[in-house]
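Written out below as structure tokens is the structure these notes cover.
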Amino acid sequence: MKTSIVGILVCFCFIASPSASTADTSPEGSPAKVFQSTLAQVKARTQIPILLPSEFPAPIVEKDIHFADGNGKRNKYEITLYYEEGARDAAFVGYFAGEAIGKFHAKGKKVNLADGVTGYFKRKSCGGSCSPSQMRWHQDNVLYTLQLKLAVKTEAEEEQAVTAAANSAIRGGAR
């Protein structure tokens, strides 16, 4: 009887343990899984600290993203995500970039980001085509740009989603 109770308790502890979770989120410090296919290639080509979010804000669902395209140069990197390979603008999800620059000319709504960083939010705009929601911030002589195509109804939701992604990237640190 003692053996079966111990076995049940060990099994219960494993199932209840937070490390046994099967959630599809990356731990803080690890970029979202969708970046893995291109991150090593980009990292090998740039000296810029790469900041990427660990998770995406709603309404973006990471498992729906199927293609990551990246490029790195000594003083710059860019990673673009798409829902489908080859579809380009119609399947655009987001853009993540860093570039070494001296001065940064701030444009947009000033936003307080994680770790005391100041960001500048620019909402999506549409004319002949639509530009995505954007957050830019200057950190350690690097201008970071994060753009997301969001299906939200209000500017407040748009700002909240882009701010959450930027905060996740900042808190995660260099990848």
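The values are calculated or read from the model by the stated rules, or taken from the named source; none is laboratory data. Every value quoted in this text rests on a predicted model; they were computed, and no experiment measured them. Note that we place each Cβ from the backbone using ideal geometry, even for glycine, and neighbour counts take in every protein chain shown.
Is there a residue in region 34-44 that is touching a Leu at 6+ places or on another chain (Cβ under 9 Å), closer than 24 Å to residue 124 by Cβ and at pLDDT 50 or above? Yes, region 34-44 has at least one match. Which is more than 13 Å from residue 42 (Cβ to Cβ) and in contact with a strand residue (DSSP E or B) (Cβ under 8 Å, 6 or more places away or on another chain), of 76, 110, 103? Exactly one residue qualifies, and that residue is 110.
Restricting attention to region 124-159, the residues that are more than 20 Å from residue 82 (Cα to Cα) and surrounded by 15 or more Cβ atoms within 10 Å (Cβ to Cβ) total 8. Go through region 34-48 and give me each residue that's within 15 Å of the chain's Cα centre (by Cα) and surrounded by fewer than 16 Cβ atoms within 10 Å (Cβ to Cβ). Residues satisfying the conditions are 36, 37.
Of all the residues in region 91-109, those that are more than 19 Å from residue 62 (Cβ to Cβ) and either surrounded by fewer than 11 Cβ atoms within 10 Å (Cβ to Cβ) or among the aromatic types (Phe, Trp, Tyr) (or both) number 5.
A search for C-beta distances below 7 Å between a residue of region 144-170 that is farther than 30 Å from residue 72 by Cβ and any residue that is outside any loop (DSSP other than H, G, I, E, B) and not hydrophobic (A, V, I, L, M, F, W, C), counting only pairs 6+ apart in sequence or on different chains, returns 152/158. Of all the numbered requirements in (1) closer than 18 Å to residue 49 by Cα; (2) within 14 Å of the chain's Cα centre (by Cα), residue 134 misses one, and that requirement is (1).
For region 50-68, residues that are among the charged types (D, E, K, R) and surrounded by 15 or more Cβ atoms within 10 Å (Cβ to Cβ) total 2. When residues in region 116-143 are screened for being of a type outside the set (Asp, Glu) and either touching an Asp or Glu at 6+ places or on another chain (Cβ under 7 Å) or touching a residue at least 24 places away in the same chain (Cβ under 8 Å) (or both), 17 of them pass.
Would you say residue 77 is aromatic (Phe, Trp, Tyr), touching a helix residue (DSSP H, G or I) at 6+ places or on another chain (Cβ under 7 Å), within 22 Å of residue 30 (Cα to Cα) and modelled with pLDDT of 95 or more? Answer is yes for this residue.
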